[in-house]
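Notes for the one structure printed next.
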Amino acid sequence: MRAEQLDHTYVLNFVAKYLSRGASSDAYAEPWRFPLIDSCKPADDAASTQAFNLVTFVWRAAQAEDHRPVSVVGSFDKLWDSTPLERVQFGGQATVYLAVTVRVPIGEVHTYKFIVGGEAVLDPINPQRQRLGNGFEWSRFFTQYCTAPISLEEWEIAILARLTNEILPFTTGDAKQFMDRYYFNSDRAAQDTTFRQAFRLEQPVGAVNFIDNLLSRDEGHRLIDYRICLKQIDAVLRNRFPNVEPAQLPTGAYGDLYKEMANGRVEGWDTDKYRSPWFFLTLLRRHTWLGAFSHPKYGGNAGGAGWAYLQDQFEDQNGQPCFDWQRAIERPLGKSVDYFG
């Protein structure tokens, strides 16, 4: 794979802030930021750059005098080939960091390892791991707009979709009609990019997908909360409705459960395993609303549908939208020529 021209200042801006606390992996601040996933700057072919991310892999040598060659190999390229890392310079002097930037399509999950002095090693910075079918563990990353399940299992996603639908207004009434019109009437370019990547029938704005991505990186420490509580919810619903799969239950069953969780008391909830259903609901609500109205590249707010709904709901006294979100967002989703995601 051909490497992009390395921006040493760009790399140093990240490593100086997040990796300056020491050589031990325990001292890394916010390690989930690595490898660095960034948008491509717009070129003459805007559609081409929209379809890729710039992925920068970083290796921290034990000392500047460590001259062992370092390269990266992964599923984003031919597995029998590797891409060498370049020593990062500061003021003309070599640092302890090596890096390389490659272009990877958006919406994908990949595994990789570093080859250091001929030996394959996991990325000591990135906490994401994936054990392959052959039993070997690899480091993992995913690019923007990724919709493949990463942290949660399918049954967990199905229940989570029902819970988020109880929180968000997009599956009933006028809001549902608006969403149907918005997706159906969107221009072809948007349908072929953002919507195709992020929209799912049971997730009108992709909130569950956002949460799954969030639990893989930024809030990986909350994955245990979801695993315990979704299992609790599954058990509670199976006990109440023994002949129906929880994901297939009517809306009222989830509405009743939601109210009980909001009150902090759920019949059948094992408080020895997780003390407060109210706390989990609060966590879930925060993540759900964040996903519904954050930038679509993070997995939610598919095609800007959440933003479009806000624009439709709020007008000034002259009947003009109070929230013209397209002015601030990159093309082709928005109209801005200055912002590129």
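The values are calculated or read from the model by the stated rules, or taken from the named source; none is laboratory data. Source: prediction; values computed, not measured. Note that we place each Cβ from the backbone using ideal geometry, even for glycine, and neighbour counts take in every protein chain shown. Only protein heavy atoms, including side chains, enter the accessible area calculation; ligands, DNA and RNA are left aside. Shrake-Rupley method; radii C 1.70, N 1.55, O 1.52, S 1.80 Å.
Scoring Ile159 on the criteria (1) closer than 30 Å to Ala61 by Cα; (2) outside any loop (DSSP other than H, G, I, E, B); (3) of a type in the set (Val, Ile, Thr) leaves a single failure, condition (1).
When you go through Thr143, Thr101, Thr164, Thr171 one by one, which is the residue that is of a type in the set (S, T, N, Q), modelled with pLDDT of 90 or more and more than 19 Å from the chain's Cα centre (by Cα)?
Values: Thr143 fails: more than 19 Å from the chain's Cα centre (by Cα); Thr164 fails: more than 19 Å from the chain's Cα centre (by Cα); Thr171 fails: modelled with pLDDT of 90 or more.
Of the residues listed, the single one that is of a type in the set (S, T, N, Q), modelled with pLDDT of 90 or more and more than 19 Å from the chain's Cα centre (by Cα) is Thr101.
For the stretch 59-74, a residue qualifies if it is of a type in the set (S, T, N, Q) and at pLDDT 85 or above, and exactly one does: Ser71. Considered as a group, the residues in the stretch 248-293 that are open to solvent by less than 20 Å² (accessible area, probe 1.4 Å) and not in a helix (DSSP H, G or I) include one that is farthest from Phe340 (Cα to Cα), and that residue is Val266.
The residue that is farthest from Leu223 (Cα to Cα), counting only those in the stretch 256-277 that are touching a helix residue (DSSP H, G or I) at 6+ places or on another chain (Cβ under 7 Å) and small (Gly, Ala, Ser), is Gly268. Of the residues Glu137, Glu108, Glu154, Glu119, the single one that is open to solvent by 40 Å² or more (accessible area, probe 1.4 Å), within 12 Å of the chain's Cα centre (by Cα) and on the phi < 0 side of the Ramachandran plot is Glu108.
One line per residue, one yes/no per condition, for (1) of a type in the set (Val, Ile, Thr); (2) open to solvent by 20 Å² or more (accessible area, probe 1.4 Å); (3) at pLDDT 80 or above; (4) at positive phi:
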| site | (1), (2), (3), (4) |
| --- | --- |
| Leu19 | no, no, no, no |
| Asn53 | no, no, yes, no |
| Thr56 | yes, no, yes, no |
| Gln93 | no, yes, yes, no |
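On the given criteria, is Asp234 open to solvent by less than 100 Å² (accessible area, probe 1.4 Å) and in contact (Cβ under 8 Å) with a residue 24 or more places away in the chain? Walk me through it before giving the result.
Numbers: open to solvent by less than 100 Å² (accessible area, probe 1.4 Å): yes; in contact (Cβ under 8 Å) with a residue 24 or more places away in the chain: yes.
Considered against the rule, which asks whether it is open to solvent by less than 100 Å² (accessible area, probe 1.4 Å) and in contact (Cβ under 8 Å) with a residue 24 or more places away in the chain, Asp234 comes out as yes.
A quick yes/no check of all residues on (1) within 18 Å of Val121 (Cα to Cα); (2) basic (Lys, Arg); (3) in a loop (DSSP other than H, G, I, E, B); (4) in contact (Cβ under 8 Å) with a residue 12 or more places away in the chain:
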{"position": "Asp66", "(1), (2), (3), (4)": "yes, no, yes, yes"}
{"position": "Val72", "(1), (2), (3), (4)": "yes, no, no, yes"}
{"position": "Asp77", "(1), (2), (3), (4)": "yes, no, yes, yes"}
{"position": "Tyr97", "(1), (2), (3), (4)": "yes, no, no, yes"}
{"position": "Thr101", "(1), (2), (3), (4)": "no, no, no, yes"}
{"position": "Val104", "(1), (2), (3), (4)": "no, no, no, yes"}
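Considering (1) at pLDDT below 90; (2) farther than 27 Å from His295 by Cα; (3) exposed (fewer than 13 other Cβ atoms within 10 Å of the Cβ), the lone condition that Arg131 does not fulfil carries the number (1).
Conditions tested, residue by residue: (1) under 16 Å from Pro204 (Cα atoms); (2) in contact with a helix residue (DSSP H, G or I) (Cβ under 6 Å, 6 or more places away or on another chain).
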| site | (1), (2) |
| --- | --- |
| Gly303 | yes, yes |
| Leu310 | yes, no |
| Phe314 | no, no |
| Gln317 | no, no |
| Pro321 | no, yes |
| Asp324 | no, no |
| Glu330 | no, no |
| Leu333 | no, yes |
| Tyr339 | no, no |
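None of Ala328, Ala305 is more than 30 Å from Lys231 (Cβ to Cβ), out of contact with any strand residue (DSSP E or B) (no Cβ under 8 Å at 6 or more places or on another chain) and aliphatic (A, V, I, L, M) except Ala305.
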